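The values are calculated or read from the model by the stated rules, or taken from the named source; none is laboratory data. Worth saying up front: this structure is predicted, and the values here are computed from it rather than measured. Neighbour counts are summed over all protein chains in view; Cβ atoms, including those assigned to glycine, are modelled from backbone coordinates with ideal geometry.
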Amino acid sequence: TKVHPASSLKALVTAGPTYELLDPVRFIGNFSTGKMGIALAESLAEKGIEVTLVLGPSKEKVNHPLIKIVNVVSAEEMLQACLKVYNAADITICAAAVADYRPVEKAPEKIKKGSEDSFHLELVKNPDILATLGRMKRENQVLVGFALETNNELEHAQKKLESKKANMMILNSLRKEGAGFGHDTNQVEILQKNKEIISLPLQSKAEIAKSIVDCILSIHKNDA
Ligand code: C5P
């Protein structure tokens with residue numbers, strides 16, 4: 001059954017890790033679960049917004065009639081999937097933990113153990129999806145990124161807000177117990193250009209997602 005969205009807005013959300021294959025059975029990846037991005041997709045859908053969720057390998061279940069899932073594996077695939085829908089998206093949230101580098105080539109067969117004690121793996125930089133979308137951004141599109149920093153958090157997040165041409169950066173605190181990767185709770189700061197930093201309390205990822213979505217919708221209204 002087709003559900004008619006209550007809102008005319010469309011959103012794009014990236015979530016989860018990316019896996020960069022070395023050969024058919026091995027990859028470079030990270031511990032992202034996709035929980036934060038999925039919670040954001042669900043919050044947007046709860047507002048009646050149609051969401052395309054571009055999701056890297058994740059065990060999480062997503063089931064909402066307004067969320068269309070596009071499963072991807074690598075950063076390259078994630079970028080291509082985003083480019084297909086970005087133009088039509090009023091709101092884009094890049095919550096995926098994209099691998100910065102990938103193996104220069106993927107071996108067609110499983111790489112055999114050699115006799116040498118060391119193994120040299122050459123990596124090449126992946127595209128920065130958020131920065132790519134930022135360069136293409138139109139006036140009325142809202143683009144949101146995440147920053148996970150371990151030192152000079154605010155300064156680094158502020159720089160990313162500018163360099164990636166995002167409207168908003170969500171800074172993940174790693175210092176707080178229960179925040180970040182794999183947890184069901186998170187503590188974040190919302191940074192926006194020329195605006196006061198909003199500091200949200202430690203709460204469930206669903207509650208954080210709701211506050212972030214409310215903040216995004218308030219700027220979208222102001223833009224329109
Ligand atoms: O530069 P850094 O990885 O810290 O930036 C984090 C933000 O950029 C996140 O929103 C993440 O989803 C996005 N990103 C991306 N593509 C990359 C690297 C990061 O979209 N290759």
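Look through G48, G56 and report the one residue that is surrounded by 21 or more Cβ atoms within 10 Å (Cβ to Cβ) and in contact (Cβ under 8 Å) with a residue 40 or more places away in the chain. G56 is the lone residue from the list that is surrounded by 21 or more Cβ atoms within 10 Å (Cβ to Cβ) and in contact (Cβ under 8 Å) with a residue 40 or more places away in the chain. Could you list, in sequence order, the residues of region 82-128 that are within 16 Å of the ligand (Cβ to nearest atom), aliphatic (A, V, I, L, M) and surrounded by 13 or more Cβ atoms within 10 Å (Cβ to Cβ)? Of everything in region 82-128, those that are within 16 Å of the ligand (Cβ to nearest atom), aliphatic (A, V, I, L, M) and surrounded by 13 or more Cβ atoms within 10 Å (Cβ to Cβ) turn out to be L83, V85, A89, I91, I93, A95, A96, A97, V98, A99, L123. Restricted to region 23-41, and to residues there that are touching a strand residue (DSSP E or B) at 6+ places or on another chain (Cβ under 7 Å) and crowded, with 22+ Cβ neighbours inside 10 Å, the residue that is nearest to R102 (Cα to Cα) is S32. Which residue pairs have Cβ atoms closer than 6 Å, lie 6 or more positions apart in sequence or on different chains, and pair a first residue in region 65-78 that is farther than 28 Å from S7 by Cα with a second residue that is within 12 Å of the ligand (Cβ to nearest atom) and hydroxyl-bearing (S, T, Y)? Final answer for the pair search is S74/T18; A75/T18.
Counting only strands (runs of 3 or more DSSP E) that fall entirely inside region 1-101 and contain at least 3 residues that are among the β-branched types (V, I, T), the qualifying elements are 50-55, 67-71, 91-94. Restricting region 146-160 to residues that are more than 10 Å from the ligand (Cβ to nearest atom) and buried (at least 16 other Cβ atoms within 10 Å of the Cβ), the residue that is farthest from I212 (Cα to Cα) is E153.
Conditions tested, residue by residue: (1) over 14 Å from A95 (Cα atoms); (2) within 15 Å of the ligand (Cβ to nearest atom); (3) within 17 Å of the chain's Cα centre (by Cα).
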{"site": "T132", "(1), (2), (3)": "yes, yes, yes"}
{"site": "L143", "(1), (2), (3)": "no, yes, yes"}
{"site": "A166", "(1), (2), (3)": "no, yes, yes"}
{"site": "M169", "(1), (2), (3)": "no, yes, yes"}
{"site": "D184", "(1), (2), (3)": "yes, no, yes"}
{"site": "N194", "(1), (2), (3)": "yes, no, no"}
{"site": "L200", "(1), (2), (3)": "yes, no, no"}
{"site": "S204", "(1), (2), (3)": "yes, no, no"}
{"site": "I212", "(1), (2), (3)": "no, yes, yes"}
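Of all the numbered requirements in (1) at pLDDT below 95; (2) within 16 Å of the ligand (Cβ to nearest atom), K176 misses one, and that requirement is (2).
Scanning region 102-122 for residues that are more than 10 Å from R26 (Cβ to Cβ) and of a type in the set (K, R) gives R102, K112, K113. Would it be correct to say that D184 is acidic (D, E), in contact with a helix residue (DSSP H, G or I) (Cβ under 8 Å, 6 or more places away or on another chain) and touching a residue at least 24 places away in the same chain (Cβ under 8 Å)? Here the answer is yes, as D184 does meet what is asked. Which of the residues belonging to region 100-135 are in contact with a strand residue (DSSP E or B) (Cβ under 8 Å, 6 or more places away or on another chain) and among the aromatic types (F, W, Y)? If the condition is that a residue be in contact with a strand residue (DSSP E or B) (Cβ under 8 Å, 6 or more places away or on another chain) and among the aromatic types (F, W, Y), then Y101 is the only one that fits.
On the given criteria, is A15 in contact (Cβ under 8 Å) with a residue 60 or more places away in the chain and under 10 Å from the mean Cα position of the chain (by Cα)? Judged against the criteria, A15 is a match.
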